[in-house]
1. Of the residues LEU448, LEU413, which single one is at pLDDT 95 or above and either of a type in the set (Lys, Arg) or outside any strand (DSSP E or B) (or both)?
2. If the Cβ limit is 8 Å and pairs must be 6+ apart or interchain, which residue in the range 455-483 that is over 24 Å from ALA414 (Cα atoms) and without any contact (Cβ under 8 Å) to a residue 12 or more places away in the chain pairs with which residue that is part of a strand (DSSP E or B) and among the aromatic types (Phe, Trp, Tyr)?
3. Residues that are surrounded by 21 or more Cβ atoms within 10 Å (Cβ to Cβ) and touching a residue at least 60 places away in the same chain (Cβ under 8 Å): find the strands (runs of 3 or more DSSP E) completely inside the range 106-172 holding 1 or more of those.
4. Being basic (Lys, Arg) and assigned to a strand (DSSP E or B) is the filter here; which residues of the range 378-410 pass it?
5. Please verify whether HIS4 is more than 25 Å from ASN389 (Cβ to Cβ), at pLDDT 90 or above and more than 23 Å from the chain's Cα centre (by Cα), treating the condition exactly as stated.
6. Out of the residues in the range 293-326 meeting the condition of being surrounded by fewer than 20 Cβ atoms within 10 Å (Cβ to Cβ) and aliphatic (A, V, I, L, M), tell me which one is nearest to ILE365 (Cα to Cα).
7. Which numbered condition trips up PRO269, out of (1) at pLDDT 90 or above; (2) loosely packed, with under 15 Cβ neighbours inside 10 Å; (3) of a type outside the set (A, V, I, L, M)?
8. Which ones in the range 219-263 are within 30 Å of ILE199 (Cβ to Cβ), outside any loop (DSSP other than H, G, I, E, B) and not hydrophobic (A, V, I, L, M, F, W, C)?
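The values are calculated or read from the model by the stated rules, or taken from the named source; none is laboratory data. Everything quoted here is computed from the prediction, not taken from an experiment. Counting neighbours? That spans all protein chains shown, and the Cβs are built from the backbone with ideal geometry, glycine included.
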Amino acid sequence: MNEHQASVRVSRRDFLGRSGLGVGGAALLSLLQSEAQGAAPATTDPFQGVLEQPHHRPKARRIISLFMSGGPSQLDLFDYKPLLNERNGQDLPASVRMGQRLTGMSAHQATLPMAGSLFKFAQHGNSRAWVSELLPWTARVMDELCVVRSLHTEAINHDPAITFFQTGAQLAGRPSMGAWLSYGLGSANQNLPAFVVLISKDRIDQPLYARLWGNGFLPSIHQGVQFRSGKDPVLYLANPDGVSSASRRKMLDRLAELHALQYDDLGDPEINARVAQYEMAYRMQTSVPDVVDLSSEPAAMFDLYGPEAREPGTFAANCLLARRLAERDVRFIQLYHPGWDHHGNLPGGIRRQCKDVDRACFALITDLKQRGMLDDTLVVWGGEFGRTNYSQGKLTPTDYGRDHHPRCFTMWLAGGGVKPGFVFGATDEFGYNVVENPVHVHDMQATLLHLLGINHERLTYKFQGRDYRLTDVSGRVVSEFLA
C-alpha cells in the first residue's frame with residue numbers, strides 16, 4: 001500500500017465516522033439495492049463460518065455465559081471447608097501455602113489468618129453438593145448443574161485473569177471466545193449478531209473493556225455487539241433525526257460506490273466486512289427492538305425471574321433477555337455481572353451479589369428446561385479466579401475480606417451435553433490447592449468448544465506468520481463431566 005492509498009483509506013474512514021451514519025444507518029444500502037433491483041442474494045454469506053460443518057456432532061447449539069466479574073468466593077458459595085471454621089484466626093500453615101505467590105495487597109501482612117465462612121452450608125440434589133445459604137434458589141436446581149470445583153488459572157490480578165478467561169491469553173489483542181465461535185460456526189440467525197454482550201447496570205466496581213468481547217485479529221464482523229438498557233440498545237442503529245429516507249438512500253448509494261472503488265484499489269477484506277456489518281445493522285433495526293421488548297412476556301415469567309426482571313439492565317432482566325436471544329439462535333450470549341471483588345466487607349458484599357443473581361440463575365435454568373432448550377443450550381457460571389482461604393486485612397467475628405486466588409476456584413455448567421447433578425474435582429481441606437481432577441482454564445475452553453462441535457486444536461487463524469487458536473498451545477477436553 002503506497003502513501004496515497006493509505007491516506008485515502010484513512011480519509012474515507014474519517015468520512016464514515018463524521019457523517020453520523022454509524023453502522024446502523026449505513027446498513028440500509030445493500031439490502032435496499034437488492035430489493036430495488038430484484039437482485040439475488042450473494043452466493044458467499046459473509047456471516048457463514050469457515051467450517052463447512054462442525055468437526056464432530058455438537059451437543060450444544062449455543063452458550064449463555066454468566067460471568068461473575070471480580071472473582072466470587074468459592075469458599076462462601078460452593079466449596080465447603082469446615083476446617084477453616086475450626087481454625088478460624090490461625091495462621092495459614094507454610095506447608096499448605098508452599099511459598100506460592102501473593103498479591104501486593106496481602107503479601108506484606110504480618111500474618112495470614114484463616115477465615116472460616118460466616119454462612120451455613122447444606123447438601124442438595126442427588127449429587128449431595130454443598131451449597132451456601134446465600135444461594136437458596138440455585139440450590140433448588142442442583143440436579144441440573146455440573147459443579148467443577150477444581151478450576152485453576154495463571155494470572156493473579158483481574159485484568160490479565162479476565163482477559164485470559166475470555167481470550168485464552170493474558171495480554172490484550174487476541175479474539176474472544178464468542179468471536180472464535182462466530183468465526184468457526186457463523187451466525188444461525190441472519191437478523192441478529194452471532195455474539196451479543198449484556199452488562200449488568202449499577203455494578204461498576206470493576207471496569208470491563210470492549211476488547212474482552214473483541215475480534216482481535218479475526219475479521220471485525222466477529223466482534224461482540226453490546227446491547228444496552230435504555231432507548232438505544234445498540235448505539236447508532238437508528239436513523240439520525242432530520243435525515244429522510246430519500247436523502248439517506250442517496251448517501252448510501254454513493255457510499256456503496258466508494259466502497260467498491262476502495263476494494264478494487266486496496267483489496268482489503270475489511271472493506272467487505274464493513275459492508276456485511278452494514279447489512280446486519282439494517283436488519284437489526286427491526287430485530288433488535290423486537291428482541292429487547294420484554295412487554296410481550298407473560299406475568300408468569302416475571303414471577304419466575306423476580307421483580308428485578310422488570311427493570312432493564314439488571315442481571316435478572318438480562319437473563320430473561322438471554323433466553324429470548326437463545327430462542328432466536330444467537331450463538332454466544334455473554335452476560336457480565338461485576339462486583340465480586342471482596343477484599344474487605346465480604347459478608348455484606350457477597351450478600352448483595354447473591355441477591356442479584358441467585359433467583360435469576362434458577363429462573364434461567366428452569367425457563368430453558370420448560371421450553372426444551374436446556375438440552376442444546378450450555379449455561380456457564382463463574383469468574384476469573386477464586387478467593388483466598390485467609391483474610392485480607394483485619395479478621396473480626398463478623399467481617400473479613402479475601403484476596404485473589406488463582407490456585408483453585410469453582411464454576412458450574414448446565415445443559416448442553418454436561419452431566420447434570422454432578423460434582424467434579426476437589427480442593428484440599430484448607431481450600432487452598434487442587435488435589436483431585438485439576439481443570440485449567442484452557443481445558444475449560446477446549447471443553448466448551450468441543451460441546452459445540454469444534455476441535456479446539458483445529459480451529460485456527462494464521463496471523464503474523466503463526467497459527468493461533470483460543471487455547472494457544474495447551475488444553476484438553478475434560479470428558480469426565482460430559483454426558
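1. The conditions single out LEU448.
2. Listed by first residue and then by second, the contacts come to THR460/TYR468; LYS462/TYR468; ASP467/TYR461.
3. In the range 106-172, 129-132, 145-152 are the strands (runs of 3 or more DSSP E) which contain 1 or more residues that are surrounded by 21 or more Cβ atoms within 10 Å (Cβ to Cβ) and touching a residue at least 60 places away in the same chain (Cβ under 8 Å).
4. ARG387, ARG402
5. Criteria not met by HIS4.
6. MET301
7. For PRO269, the failing item is (1).
8. SER220, HIS222, GLN226
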